[in-house]
Structures are given as structure tokens and as C-alpha cells.
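*Asks:* Got a structure for you, questions after.
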Amino acid sequence: LASCNVEFLNQVRGLSALNGDLRDLPPKLKSYVEENVRLCQPETIHICDGTDVENSKLLKLMQQQGTIVPLPKYENCWLARTNPADTARVESKTFICTDTKSETIPSPKAGVKGALGNWMSPHDMDKAINERFTGCMRGRTMYIVPFSMGPVTSPLSKIGIEITDSPYVVASMRIMTRMGLPVLEKLLKGAEFVKCLHSVGTPSNGIIENPSWPCDPERTIILHRPKNNEIVSYGSGYGGNSLLGKKCFALRIGSTIARREGWLAEHMLILGITSPSGKKRYIAAAFPSACGKTNLAMMTPSLPGYKIECVGDDIAWMRFDKNGVLRAINPENGFFGVAPGTSRSSNPIAMDTIFKNTLFTNVASTSDGGVFWEGMEKEVSSNMEITDWRGNNWKMGQSKTPAAHPNSRFCTPAKQCPIIDPAWEHPEGVPISAILFGGRRPAGVPLVYEARNWNHGVFIGATMRSEATAAAEHKGKVVMHDPFAMRPFFGYNFGDYLSHWLSMKERSDNLPKIFHVNWFRKDANGKFLWPGFGENSRVLDWILRRLDNEDCARDTPIGLIPKENSLNLEGIEENIDVKELFDLPKQFWMEEVDSVAKYFDEQVGDDLPKEITKQLNELKKNVQSM
Ligand code: GTP
Ligand code: SPV
Ligand code: MN
């Protein structure tokens, strides 16, 4: 098979009959496929059309292979249990390849490990690919997945081709992107595409320990070559490592395209909010992984008269239109959401979305054919038998390990969301009035504050920090710097990224206002000071009033916070310690400024735009005079 080529496969194995005809592919796509058939040497090829028939076949195949089991309690729902070594993104094995290192990352200070991405030379990337991909699909089917990020008809959308040997990836891409024939048609008309090559791999000793979830954790690698609009991912079948439209394309390659074309590709939810007076606005918000985007995007407001509608929960592509209005599309077609913590009380809208046509990964299962995870304790009867994410018996209140993996997820079609925004697929995108930054800050950072202007807002995004979560391989709850919630997703040098954000100011007289929020501040006993979830509508209410220029803010050293009694707390059940929620401890902020200064100095150095240094000096001066 070493010498196999597309024509050969096509003719000898009757692949055109199997699914699609390779000879009909547009020339560029055909040569991309041929090249990778030669490299990966698959047994067969399958061009995905995205139809129900195709999907059913794939689901059946995955059941036979043991990759998924049905969840008969619901309609068309499935559970995949991964190899326990393949449960989250692997940031340390993720690289951007450019001719020079400085295109990818700022130079960290001597002796300091860079924390703003990993660079690889073109030579090393080619080597890494050849070492891993040569013959890696022997005995397997190679799926050709044409997909669109964004509605197929939107001028803001972009096309990708994912070549993969994982039916799980195909089924997931069908949910997360627009996949199949309409995209092929667009390609036939000459559309460009981002090249995405993926294999779950085979360990170098040839032994696949867990045949229902093949992977190669030791050699896993996620590579991006922005110059060629090219992504190559090996060894993992999980989430952001393998569904290449998501973080790899929409954020890492996306941000490099956005920089070239003058727009923004961001790790942000998009929501529509209608106030009691009937005025509707859209807000985009960047929180790091597992810090509340899906929950805010689908929030059920506790404040009477408010309505939230969801455009997207993870990624926003935004550009200023000719009138200077920032317009955003959600490039995705589904939600790949964190399961634990999702419940009728925290996120009823998600619960009303996910129990049909959903692929669950690494959640626990119940003896009546349903799912279970931490947070669902009140939603299963106590005599239910539970099997944990690893497939072992699990007893509520007795087992020491969690039933569901902390990064277990649901993969579900966005259109099923009962509050999906009527404009969520509008080709021109929705107009953004405010941008929120936020993270998990157990101490010192108030519930909400407003940037004084665009540059200050960019500074606030640049100085974001958050506790580590289970979405990647970081251990413990250490507070990490995570600028713009993009630290794992920058496609190019963070200093240049900041300049790009600062330059947006020239594109509009009508810039969105920028805010910082923190739902996660804790009291001395480690209890959250703010109830969060639906109560976050009270913060959005204040933000909307600020957009209407209501005089409800007062200046502080760090920005504008609500004037006394201006945050609407009417009818809230919990006792809220407003004073502590908005307290600005001088010692904390002195340390914060030092930590940010050290981070910029060690990690960004000369690549830090002067304006950001200016903002930092200003903050320092303000904090010293506290
Ligand atoms: P990614 O999909 O990884 O990008 O995560 P995300 O930003 O969409 O986070 P998500 O909304 O899934 O929330 C992650 C976790 O934070 C869940 O366990 C939620 O229950 C919890 N969470 C979300 N919002 C709040 C909140 O307002 N308060 C508190 N205390 N927890 C929250
Ligand atoms: C995140 O980690 O921010 C996610 C999940 O949204 S993944 O698709 O794995 O990146
Ligand atoms: Mn995310």
C-alpha cells in the first residue's frame, strides 16, 4: 500500500461507490487528499457528505468498535469513554510554526520559560509530521470532512477540510460545524480552504491499549502553519485537539487571518439581551476555558423583564462594518460544553438543549440508560446504579473520585437551544455593544468594573488572570495569566496581537464599551460571595445602563464600579456582602500590579506596545495613591 494513490484507490477499490468520487473533487482539494493518502496510507477513503444516512452508518460503526454506547433514555444520544490519558487539550504539545520565532511568540527574558505559546521551526514541523504520519492510517478509513466555520452563505465564514481517521471526529464535526455537500459545492466554485490533517495515531510500539479509543498520548502533537493555512494534529481524539475547526482553526489560524484582514478572532461567547423596556443589544465575553461562557450565553435571568438569547458560547469572529459597527458571527454550529456543574438549577437552558442528538464524552452513565455528572445529584434517584467515566461502579457519597471527568463534555447542535437567537445565523453578524473580560479570581477583583476607554479596556484584557481549570493539563488551582482568555490560542506574537487590538480604535467612532467581571470572588471561608448564574443578569443590567450613559458608576483606581446602591439587588435571596464584593484591598492591588509588570517584563519584553506600558504605569500610580 506504500505506493497507493488516489486514482489507484478510486479504481481498484471502487471508492467512488463507497462515498463520493475523488475524481470530482476540485483540483486543490484533490491534490491535498492525494498527498496525504500517500503519507498516511489508509485502507479506504470516505468523502463525507454530511447526510443522515452517512451519520447513522458512522454511529453504527462506532458502536461496533466500542467507541460509543447508546443512551436509550434519550433520543439519539451517545456516550464515548476515552482513553483516560486523552481527556483534555495538551497546551505543552501545541506549536505554531513560522520562519522566525518572533513571529509566533515574544522572546521571554533569559532563563524564563515562555508562557505565551510554543514555536517550532518549519524543518522541525516537517520532521514531526513525517515521524508520526507515515503509514499512520494503515488498515483504517481516511475521512475527508468538508466544513464551514460560520453559516455557509456568510461572507465572514471560512472553509476547512479535515482529513481524519476518527469516525468520532467526523460525527462531532457534523455537530460543531456546517459539514458536507453544501461546503463541497462552495469549494467547487473555487473557495479556498484551511488544511486540517488529523490522526488518532498508533503508539510507536504498535500496541493500541484501548482499541475503542485509539490514541498516542506520548507522541501527541498539535501543529499550525499560519503561512499555509495549515493544521496538523496527531495522537489525540479529544475536543480541541481533534475537532480542528474549533481552537486550531477558528482561533489560532483564525487570529492570524484576522490580523491580515483587519478583524478579530476571539475566545468569546455572544449573547443577545433584551431589557424590560424592549431594547435589544448584543454582548461578547471572553472568559478562559471552563470559566462560565456557556453558562452566561444561556443564562436564565433572575431579574424580571430581561430576556437572554444565545448566539454562541465559545468563539466570536468580529469585524467593523462600513458604518463602524462591530459585527460578530459565531463560527460554530454546536456547543462543546463542560458537563459537570450543568443542572436544572444552574443552567436549565442547557439541560433543555442536550438530551437529543448529543454526543457525550467522559460523563458517567446510569442504569436506566441516562447520564450523570457532578451537579446532577438532585436529578437522579438515589437507588440508580451509576457507572463512572472510566466504566467502574460508582456510589454517590461513597466513591472518592468524581463520577464524570471534570472536563467531560456534551457536543450538541446549537439550533436545539430553546433560546438560540433569531439572528444567530445572519450572514452579516450581530452588532456588539459591549465586550466583557473575566476569570476566576478568588480574591481582590470586584464583581464588575468598567474600562475608562478603549486602550484601558485592551489593557484590562491583557492583564486577565484566572485559576487553572480541568480544560487543559495544568494541575491545581494556581492563578495563571490568561490575556484575553487567549493564552492557549494565540496564532501569533502576543505583542502584535495587542497592537492589533489597539489599532481597532481607528476603525470606529462607535466602539463597544469594555468591562471586567468576576463571578468567583470568595470570602474568608472559601465560599463564593456572589451566587452567579442567573443572578449575573444584575451585572448585565448595570452594564446596559452604562451603555445608556446612566450616571451609575464611580471612578476607582482600577476603573469604574457601580455607585452605592446602583447594582439592582432587589429580590435576591442570598445575603450579599456588597462591600466585600467591591472591596479593593490596596495590598492586593500592589501585588497585582507587580505581578503584571513582572509578567510583561519576563514574557513580552520589547514586544509590549508602549500604550500598554503607559496604562500599567497609570494603574500603578493610581494604586499607590489608594
Ligand atoms: P469552555 O467550554 O472550556 O471554554 O468553558 P466555558 O467558559 O464555557 O465554561 P462553562 O460555562 O461551561 O462553566 C464552567 C464551570 O463554571 C461549570 O462547572 C459551571 O457550573 C461554572 N460556572 C459557570 N458560571 C458560573 C457562575 O456564575 N458562578 C459560579 N460559581 N460558577 C459558574
Ligand atoms: C476550551 O478548552 O476552551 C474548550 C474545550 O472550549 S476544547 O474544545 O477542548 O478546547
Ligand atoms: Mn472554550
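The values are calculated or read from the model by the stated rules, or taken from the named source; none is laboratory data. These numbers were taken from a predicted model, which means no experiment stands behind them. When we count neighbours, we look across all protein chains shown, and the Cβ atoms used for this are built from the backbone with ideal geometry, even at glycine. Note: accessible area is taken over every heavy atom of the protein model, side chains too, but ligands, DNA and RNA are not part of it. Shrake-Rupley method; radii C 1.70, N 1.55, O 1.52, S 1.80 Å.
*Asks:* Would you check if there is a residue in segment 459-467 being in a helix (DSSP H, G or I) and of a type in the set (Phe, Trp, Tyr)?
*Replies:* Looking through segment 459-467, at least one residue is in a helix (DSSP H, G or I) and of a type in the set (Phe, Trp, Tyr).
*Asks:* May I pose another question? Could you grab me the full set of residues in segment 345-375 that are touching a helix residue (DSSP H, G or I) at 6+ places or on another chain (Cβ under 7 Å) and surrounded by 24 or more Cβ atoms within 10 Å (Cβ to Cβ)?
*Replies:* Within segment 345-375, Asn347, Ala350, Thr353, Leu359 qualify.
*Asks:* Taking segment 276-290 as the search range and keeping residues that are away from ligand 3 (no atom under 15 Å from the Cβ) and in a loop (DSSP other than H, G, I, E, B), which one is farthest from Ala414 (Cα to Cα)? Walk me through it before giving the result.
*Replies:* At the first step, the residues of segment 276-290 found to be away from ligand 3 (no atom under 15 Å from the Cβ) are 276-283.
Still in the list and also in a loop (DSSP other than H, G, I, E, B): 276-279.
On the way: Pro276: 26, Ser277: 28, Gly278: 25, Lys279: 24 Å.
Among residues in segment 276-290 that are away from ligand 3 (no atom under 15 Å from the Cβ) and in a loop (DSSP other than H, G, I, E, B), the one farthest from Ala414 (Cα to Cα) is Ser277.
*Asks:* Next question, about the same structure. Go through (1) in contact with a helix residue (DSSP H, G or I) (Cβ under 8 Å, 6 or more places away or on another chain); (2) polar (S, T, N, Q); (3) within 16 Å of ligand 2 (Cβ to nearest atom) for Ser204 and report which single condition fails.
*Replies:* Ser204 satisfies all of (1) in contact with a helix residue (DSSP H, G or I) (Cβ under 8 Å, 6 or more places away or on another chain); (2) polar (S, T, N, Q); (3) within 16 Å of ligand 2 (Cβ to nearest atom) except (3).
*Asks:* Before we move on, is Lys60 in contact with a strand residue (DSSP E or B) (Cβ under 9 Å, 6 or more places away or on another chain) and either under 27 Å from Phe372 (Cβ atoms) or open to solvent by 70 Å² or more (accessible area, probe 1.4 Å) (or both)?
*Replies:* No, not satisfied.
*Asks:* Are any residues in segment 471-485 in a loop (DSSP other than H, G, I, E, B) and modelled with pLDDT of 95 or more, and if so, which ones?
*Replies:* Hit for segment 471-485 is Asp482, nothing else.
*Asks:* Taking segment 289-330, which residues are closer than 17 Å to Pro422 by Cα, buried (at least 24 other Cβ atoms within 10 Å of the Cβ) and touching a Ser or Thr at 6+ places or on another chain (Cβ under 7 Å)?
*Replies:* Met299, Asp313, Ile329
*Asks:* Now, a different point. Check off (1) open to solvent by less than 90 Å² (accessible area, probe 1.4 Å); (2) free of Cβ contacts under 8 Å to residues at least 40 places away in the same chain; (3) more than 25 Å from Thr274 (Cα to Cα); (4) in contact with a Lys or Arg (Cβ under 9 Å, 6 or more places away or on another chain) for Met626 and give me the number that stays unchecked.
*Replies:* Every condition holds for Met626 apart from (2).
*Asks:* Do any strands (runs of 3 or more DSSP E) lying entirely in segment 486-594 carry at least 1 residues that are away from ligand 1 (no atom under 16 Å from the Cβ) and open to solvent by less than 10 Å² (accessible area, probe 1.4 Å), and which ones are they?
*Replies:* Working: elements: 513-517, 553-556, 559-562.
So the answer is 513-517, 559-562.
*Asks:* Same structure, new question: For Ile257, are the conditions met, namely being within 22 Å of Leu326 (Cβ to Cβ), away from ligand 1 (no atom under 15 Å from the Cβ) and surrounded by 23 or more Cβ atoms within 10 Å (Cβ to Cβ)? Step through it out loud before you land on a result.
*Replies:* Working: within 22 Å of Leu326 (Cβ to Cβ): yes; away from ligand 1 (no atom under 15 Å from the Cβ): yes; surrounded by 23 or more Cβ atoms within 10 Å (Cβ to Cβ): no.
When the stated conditions are applied, Ile257 does not pass them.
*Asks:* Let me ask something additional. Filter segment 291-303 down to the residues that are small (Gly, Ala, Ser) and assigned to a loop (DSSP other than H, G, I, E, B), then identify the one that is farthest from Ser537 (Cα to Cα).
*Replies:* By that ranking, first place goes to Gly292.
*Asks:* If I filter segment 444-485 down to residues being within 15 Å of ligand 1 (Cβ to nearest atom) and over 22 Å from Leu269 (Cα atoms), which single residue comes out as surrounded by the most Cβ atoms within 10 Å (Cβ to Cβ)?
*Replies:* Out of the qualifying residues, it is His474.
*Asks:* Could I ask something else about it? Being crowded, with 22+ Cβ neighbours inside 10 Å and of a type in the set (Gly, Ala, Ser) is the filter; apply it to segment 273-288 and report the residue that is nearest to the chain's Cα centre (by Cα).
*Replies:* By that ranking, first place goes to Ala286.
*Asks:* Report every pair of residues separated by at least 6 positions or lying on different chains whose Cβ atoms are under 9 Å apart, first residue within segment 163-177 and free of Cβ contacts under 8 Å to residues at least 12 places away in the same chain, second open to solvent by less than 10 Å² (accessible area, probe 1.4 Å) and part of a helix (DSSP H, G or I).
*Replies:* Final answer for the pair search is none.
*Asks:* List the number of the failed condition for Met504; all other conditions in (1) in contact with a Pro (Cβ under 6 Å, 6 or more places away or on another chain); (2) under 30 Å from Lys322 (Cα atoms) hold.
*Replies:* The failed condition is (1).
*Asks:* When the residues of segment 207-240 are filtered to those that are within 16 Å of ligand 2 (Cβ to nearest atom) and part of a loop (DSSP other than H, G, I, E, B), which remaining residue is nearest to Thr361 (Cα to Cα)?
*Replies:* Tyr238
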